[in-house]
Amino acid sequence: MSQSSSRTQSNRLGPQRTFSGPSLAMVAFPLGGIGTGSVSLSGRGGLVDWEIFNRPNLGSAFPKTFPVLWAREQGKPPVCRVVEAPPLPPYQGGGGGDPHASGEGLPHMDSCEFRGEYPFAYLDFKCKRLPVRVSLEAYNPFIPSNPDDSGFPAAILRYTLRNTAKNAVDVSLAWSLMNMIGTLGAAEKDQTMNHLEHGVGQNVNARVNEGGLRGLVSSTNKYAADHPRFGTMALTTPDKSADVLTHWSRAPWFTPVHDFWDHFSATGKLPKHSYGPSDDNTSDAGAVAIRAHLAPGESKTFTFYLTWHFPNFEKYWHDGFKPGPKPVWKNYYATQFTDALDVARKLRKREAKMRDQSLQLHDALFYSSLPPYVSDAISSQMAILKTTTCIRLSDGTFYGFEGCAPIAGCCEGSCTHVWNYQQTLPFLFPSLERSMRAADYRYNLSDNGHMCFRLQLPLGAPPTDFHACADGQMGGVIKTYRDWKISGDDTWLKDMWPSLKKALEYAWVAWDKDKNGVMEEIQHNTYDVEFLGPNPLMGAFYLAALVAAAEMANYLGEPEKAAEYRAVYEQGRAWVDKNLFNGEFYVQRYDSRKAPTYQFGHGCLSDQLLGQCMASAAGLGPILDRNHVRAALKSIFRYNWKSNLRDHANAQRVYALADEAGLLLCSWPNGGRPAVPFPYSDEVWTGIEYQVAAHLIMEDMVDQGLAIVKGVRNRHDGIRRNPWNEFECGSHYARAMSAYTLLLALSGFTYDRRHGAIGFDPKISTKNFSTFWALDNCWGRYTQKGKTATLEVLYGAITLKRLHFAALAKAKSVRVTLARGKSMTVKPQEGVLVLNRNVVVKAGEKIACSC
């Protein structure tokens, strides 16, 4: 389906915000594949944050790396510009006339406007002197349920030039790229971070003209093929007119820049230099230029593929970053591609289809009934999957840090308590989420049920013997249930089941020794401390895990085990609702003599109901008294949400301040704040803000939930923070992918692939609603208008039997129209449309229901 035809079938509540002028300063839009690292498109149109070398490299920029445009209108002198908005202040640099390495002192475009709708970035440049208008579309394929096609180590840059002059215009658009193979980026400065030889030197640039591609391939002669610094890069184009410069001049001082600029700005052609491998500690830049002749009003798109291939991943943090041998393994993408040129070849062959599928995702998400700041929140945090926060191990297993420090991953191990919050991966790439469950239960589980909550690498390395994590371990049970319903894969569930039971029943060994459904012993958790005594955060997780396990046990033919879990749950639920709910919210009961510090006691904890929120998203229903849950959510918003933080004293880490709005992690509205509360208690975390917002929406407090989302995104305005980097303990922090829960909540999405069930009960725009949806190996769009509800499949196929469409729940009779004009009449059964047979809906097909 084309982009335009897709948009005609859906509505959009408002345009996405744009960034220009000062608000471009912090914009960095990640471009790369899942598990490949990324480079980011700056708000001005350049490339920054070169995190393609198997580690973070935040804030980095390559020298001699920028796009440049030459244009000459017939009968007039040429005009040449770096295709970036002008550099933004401050200009002082180090006091030595820098920065100047990437063309900062050359003429730039007058301005640009940046619009990010992940996975696409759109830039419109302005320059009064140029006889052409310039725009840029930048992206990397993002196709739910297809992690391999979403795993190209590439950035795709598509410039469109339109002749705005009265006469014909000759144009030449070039990208210059430095060969930085061998570098550790910013980590070069920290010698404690590495032990192997590193740095550029003996770097090679070569021209390529094959397979419908022309361009530049960069490599190294310095490092063996199994060395962590070995790799290749390529800058190519499918355009047949392309010209290639393999090397900038190696003359001293500023001569290379003069040579490149003077030659290109005068003629639109690249200078000609060619050298052998570079000397040690030096390297070379090359360039690729595309030429065209444009008649008045004519447009042309110029496509560049920036691809990379660094196959050998080094566990650089091994043994506390100490010098010495470190484990090295192959990246998963190295099993898919032989080098950077191979990436470009395969990308050229498949780009048209992958772009179209990515656009279908884009349109279903952005041309929907979601408020623009909600689709902005969801999509911007999807980008985390394409950053160095995420890795794919050699066998394809997905692995994640919590986030990324400037030069190293932050908090290793697919940390179960942090990754509990996110709902992005399980719905958009279910197979990758299931690989996390499989690795967790295979490598982290001890014989007695104790689980390490940080997966050690390489796979098979011994787990640590630190405390088991109560929220992480119980969350794994809930997530297994959710992932099973998303996939409908009974075989997978049966494989997980023995380990899952052992993990759940460890609660009776460590936390709930009297097996009464209440955790009393010390409970390590996401706040990096141990809570003592019954509390709602662990309590809701535990109760939800018991219900999920009971459901799975029943399905797998273990009714006695299901009854056992259910009995423990019932006892625990009654105790928690009676003893922890104070009339407004749930609190912690503990003996302060045994735990004088790092508790919250009578505080109102923002994520106290995370377990209930996860249970609701998984279709488990109410775990605790719903009236109590609603009251607690109201209290969380009343006491913890601040429309500004001017009067808030925070001696901890600062993620929101001054006139900004934010949701505090905890407050003590009735007094009783411990002298030393748990760490982070006064902070603001976006991952919890989105989780609470979604839970409020689930419980029909839509305005309150949306207020939180709007407050979060207003803080990330391009001036104060990068809109595509919500950080906590590191950049691109995984917890922020809880934003996807907003889509589940606003659409009222329900699902169960094993029973062919899908449903929608929108919380907004009920008379004319549209949303994106996704399950394992299928995704598409749902729309309801009046008394007609339509499910469209854009990718894959889904087998349907039970339709829970709230718009038709009270109808006496519903006409169901299938593909190819077939139809049936169905009478709702308790609000559910039960079809008289299984119906398979494939990509490009719809099922429409009306009354």
If we keep only residues of the stretch 476-503 that are in contact (Cβ under 8 Å) with a residue 60 or more places away in the chain and small (Gly, Ala, Ser), then the residue surrounded by the most Cβ atoms within 10 Å (Cβ to Cβ) is Gly476
I want to confirm something. Restricting to the stretch 202-211 and keeping residues that are at pLDDT 95 or above and open to solvent by 30 Å² or more (accessible area, probe 1.4 Å), which single residue is farthest from Asn54 (Cα to Cα)? Asn209
Listed residues Ala595, Ala615, Ala661; which is more than 23 Å from Ile478 (Cα to Cα), aliphatic (A, V, I, L, M), crowded, with 17+ Cβ neighbours inside 10 Å and within 27 Å of the chain's Cα centre (by Cα)? Ala661
Which numbered condition Tyr91 misses (of (1) in a loop (DSSP other than H, G, I, E, B); (2) hydroxyl-bearing (Ser, Thr, Tyr); (3) in contact (Cβ under 8 Å) with a residue 12 or more places away in the chain): (3)
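If you go through the stretch 597-605 one residue at a time, do you hit one that is of a type outside the set (Ser, Thr, Tyr), under 30 Å from Phe749 (Cβ atoms), touching a Gly at 6+ places or on another chain (Cβ under 6 Å) and at pLDDT 95 or above?
Step one: filter the stretch 597-605 for residues of a type outside the set (Ser, Thr, Tyr), giving 599-605.
Now narrow it down to the ones that are under 30 Å from Phe749 (Cβ atoms): 604-605.
When the remaining residues are screened for being touching a Gly at 6+ places or on another chain (Cβ under 6 Å), the result is none.
Within the stretch 597-605, not a single residue is of a type outside the set (Ser, Thr, Tyr), under 30 Å from Phe749 (Cβ atoms), touching a Gly at 6+ places or on another chain (Cβ under 6 Å) and at pLDDT 95 or above.
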Among residues belonging to the stretch 241-259 that are in contact with a strand residue (DSSP E or B) (Cβ under 8 Å, 6 or more places away or on another chain) and small (Gly, Ala, Ser), point out the one that is surrounded by the most Cβ atoms within 10 Å (Cβ to Cβ). Ala242
With criteria (1) in contact (Cβ under 8 Å) with a residue 40 or more places away in the chain; (2) closer than 20 Å to Tyr598 by Cβ; (3) more than 22 Å from the chain's Cα centre (by Cα), Asp682 comes up short on (1)
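Examine the stretch 553-570 for a residue that is within 23 Å of Ala632 (Cα to Cα), assigned to a helix (DSSP H, G or I) and not aromatic (Phe, Trp, Tyr), and state whether such a residue exists. Lay out the reasoning, then the answer.
Taking the stretch 553-570 and keeping what is within 23 Å of Ala632 (Cα to Cα), we get 569-570.
From what's left, assigned to a helix (DSSP H, G or I): 569-570.
Pick out the ones that are also not aromatic (Phe, Trp, Tyr) and you get 570.
Yes, the stretch 553-570 contains at least one residue that is within 23 Å of Ala632 (Cα to Cα), assigned to a helix (DSSP H, G or I) and not aromatic (Phe, Trp, Tyr).
Could you tell me which residue of the stretch 800-817 is farthest from Cys851 (Cα to Cα), considering only residues that are touching a residue at least 24 places away in the same chain (Cβ under 8 Å) and open to solvent by 60 Å² or more (accessible area, probe 1.4 Å)? Step through it out loud before you land on a result.
Kept after step one, since they are touching a residue at least 24 places away in the same chain (Cβ under 8 Å), are these residues of the stretch 800-817: 800-808, 811-817.
Next, from what is left, pick out any that are open to solvent by 60 Å² or more (accessible area, probe 1.4 Å): 802, 804, 812, 815.
On the way: Arg802: 17, His804: 15, Lys812: 8, Arg815: 6 Å.
Top of the filtered list is Arg802.
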Search result, residues across the stretch 288-344 that are within 20 Å of Gly396 (Cα to Cα), aliphatic (A, V, I, L, M) and either open to solvent by less than 30 Å² (accessible area, probe 1.4 Å) or at pLDDT below 95 (or both): Ala334, Ala340, Val343
Consider Asp703 against the criteria (1) assigned to a helix (DSSP H, G or I); (2) touching a residue at least 24 places away in the same chain (Cβ under 8 Å): it satisfies all of them except one. Which criterion is unmet? (2)
Among the residues listed as Gly43, Gly32, the single one being under 17 Å from Leu306 (Cα atoms), open to solvent by less than 10 Å² (accessible area, probe 1.4 Å) and of a type outside the set (A, V, I, L, M, F, W, C): Gly32
Going through (1) in contact (Cβ under 8 Å) with a residue 60 or more places away in the chain; (2) open to solvent by 50 Å² or more (accessible area, probe 1.4 Å); (3) not aromatic (Phe, Trp, Tyr) one by one, Gly601 fails only at (2)
Subset of the stretch 386-415 (residues that are open to solvent by less than 10 Å² (accessible area, probe 1.4 Å) and not in a loop (DSSP other than H, G, I, E, B)): Lys386, Cys390, Ile391, Phe398, Tyr399, Gly400, Gly403, Cys404
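Just the residues that are under 21 Å from Thr741 (Cα atoms), of a type outside the set (A, V, I, L, M, F, W, C), outside any loop (DSSP other than H, G, I, E, B) and out of contact with any strand residue (DSSP E or B) (no Cβ under 7 Å at 6 or more places or on another chain), please, taken from the stretch 593-638. Steps first, please.
Start the filter on the stretch 593-638 by keeping residues that are under 21 Å from Thr741 (Cα atoms), which leaves 605-624, 626, 629-637.
Among the residues that remain, those that are also of a type outside the set (A, V, I, L, M, F, W, C) are: 606-608, 611-612, 616, 619, 621-622, 626, 630, 634-635.
Remaining after also requiring outside any loop (DSSP other than H, G, I, E, B): 611-612, 616, 626, 630, 634-635.
Listed by number, the residues that qualify are Gly611, Gln612, Ser616, Arg626, Arg630, Lys634.
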Across (1) open to solvent by less than 10 Å² (accessible area, probe 1.4 Å); (2) farther than 29 Å from Asp577 by Cβ; (3) assigned to a loop (DSSP other than H, G, I, E, B), Arg713 clears everything bar (3)
So, in the stretch 72-111, of the ones that are open to solvent by less than 60 Å² (accessible area, probe 1.4 Å) and in contact with an Asp or Glu (Cβ under 7 Å, 6 or more places away or on another chain), which residue ends up modelled with the lowest pLDDT? Pro87
In the stretch 545-592, residues that are over 17 Å from Arg630 (Cα atoms), crowded, with 21+ Cβ neighbours inside 10 Å and of a type in the set (A, V, I, L, M, F, W, C) total 9
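The values are calculated or read from the model by the stated rules, or taken from the named source; none is laboratory data. Owing to the predicted nature of the structure, the values given are computational and were not obtained by experimental measurement. Here the Cβ is made from the backbone with ideal geometry for all residues, glycine too, and neighbour counts use every protein chain on show. Accessible surface is based on the protein model in full, side chains and every heavy atom, while ligands, DNA and RNA are left aside. Shrake-Rupley method; radii C 1.70, N 1.55, O 1.52, S 1.80 Å.
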